[in-house]
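Worksheet: the structure to be examined is printed underneath.
Values in this text are rule-based calculations from the coordinates and carry no lab data. Remember, predicted model here, so these are calculated numbers, not experimental data. In this analysis, Cβ positions are derived from the backbone assuming ideal geometry, glycine residues included, and neighbour counts consider all displayed protein chains.
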Amino acid sequence: MKPTIIFSSVILLLLCSIFKVQTEDCFCELKNLGQLFPMQKLEEIDRAFTNCIDVLAQEQLTEVDILLDSLHYRLLNLQEDMGRLEKENDDGIYGVISLRIIEIELSEIGDLILKLNSTSHRHRALTGNLAPQVKNLKSELEKLTDYDRMEVVKKHHENKKLKRHLSDCQAELKITPAPNITPAPGNCPFGHLLNVSGPHSYMTTVYGTSYPYGSWGMDPKPAPGKEGWYWLVALTNSNIYANYIRTYSSQSALIASQSAGDVIITSSNPTTNSLIGPGSVMYDNALYYNCYNYPKVCRFDMTTKSIHSVELPGAGYNNKFPYCHLTSCYTYTDIDLLTDESGLWVVYASEANFGNVVLSRLNASITLNILQTWNTSLFKKAISNTFMACGVLYATRYVDKDIEEIFYALDTTTGMERGNLSIRFRKVSGIVQYLNYNPRDHLLYVYNDAYILTYQAVFG
């Protein structure tokens, strides 16, 4: 409470006069001859000090911590890649790629060190600007000590501490153990996405460099006995279409190109018997893809060979809203399927949303209905790819032929969009035609100009 009168710091002159009237009441006249404690002035000084602390914390600690975290992960990547290079044949393609990756890493580390040095100079200037303000506040606070005859300021701060302790105690009493359930979208138990390290594996497909467009990965929800299987879809018809899925029973089989067999997509309906574009994903033993020449998502069951589909209302297709960079676009990337901890998603764009990204969550079953939709402010032709992780949509953009950057995020729980991320990762070639996150191993699976790569998503 704010005291209106501090009795210890005022002098009260009590002048009592007894008036003899019929009721013989006693009247007292009170006069305040002292000064009220200037509590408002004290609160102004308190707010000013708090503002100084916030400025320093925001401008210095946060920026430095982010830069140091990035430098830490870059150094770890460099150590891993140096170890890999030592084991490779310098005369082969892998040695050349590793040397190029290490060269890029050293450049990134140099940039981070320059940023740290620049940050240090800015912080010295900031401290210089704040020093006169702090000196002035100190002078004002010393003036208030004349009023503080019963340590009002001290008691005021002690009361604030007691309130904080009480709030903390109440909060602890309300805490209950979190139930063991599937994480809801946007509530990632691993924390925020901090970095993407790698590539940890890279190779060309069985087709060499003949087919630069395609998709691949592991099923996040595999059929029993197929936990270690990989799938691959190369767009073998004009880099646009495909009608079969190649499978591999292990990573070694994938490396040795020993296929476990091809599963052909068959249907009497011409709009569902072929897939178009590199946006396919495998989930729960079914392949989800953009149906041929139509704004639909198809579901092909790998066991029963049955096909079901759902239309995406107003979705652009056949190169109406593909992924792009600079003046080039990635053909037939209008409809992109994604997976994460909470299931199956699809990214597309529509005229109703002015060509901006639309995100829908799908029911990953034979009903294949749309569960929920988010309209974003992100123009689809201004990004190069997307992926989901813990209910958060991330978008990438082309930086140059060696670097891709994760710059955007949409949290589907809060609806908040951020366009200021800067998580960069290295490529083997210029264009990333396919990018998807697997919640089972926390890896990003990438199809990069006929190279198939994996990257480790780092949370914290």
Exercise. Among 343-351, 357-365, what's the highest-first ranking by average C-beta atoms within 10 angstrom per residue?
Worked result: 343-351, 357-365
For this session: Starting from the Cα-Cα distance between His308 and Ser250, subtract it from 0.36 nm times their residue separation and give me the gain in nm to one decimal.
Result: 18.0 nm
Exercise. Pro439: net charge of surrounding residues, Cβ under 15 Å, Lys/Arg +1, Asp/Glu -1, itself excluded?
Worked result: -3
Problem set entry | Equivalent ellipsoid semi-axes, the range 193-459, via Cα gyration tensor eigenvalues times 5, rooted, Å | 24, 22, 18
Problem set entry | Net lengthening on full extension, Ala48/Lys160 (0.36 nm per residue, minus Cα-Cα) | 38.7 nm
Problem set entry | Charge sum, other residues only, whose C-beta stays under 14 Å from Tyr211's C-beta, Lys/Arg counted +1 and Asp/Glu -1 | 0
For this session: Quick one: go through the range 321-353 and flag any residue whose amide nitrogen is under 18 Å from the point 7 Å out along the Cα-to-Cβ line of Phe379.
Result: 321-330, 334, 348-353
For this session: Pop the C-beta distance of Asp402 and Asp262 into the FRET formula with R0 = 30 Å and round what comes out to the nearest 0.05.
Result: 0.30
For this session: Using the Karplus curve 6.51 cos²θ - 1.76 cosθ + 1.60 with θ = phi - 60°, work out ³J(HN,Hα) for each residue of the range 317-329 in order, rounded to whole Hz, and write x for Gly and Pro.
Result: 8, 6, 6, 7, 9, x, 6, 9, 8, 6, 9, 10, 10
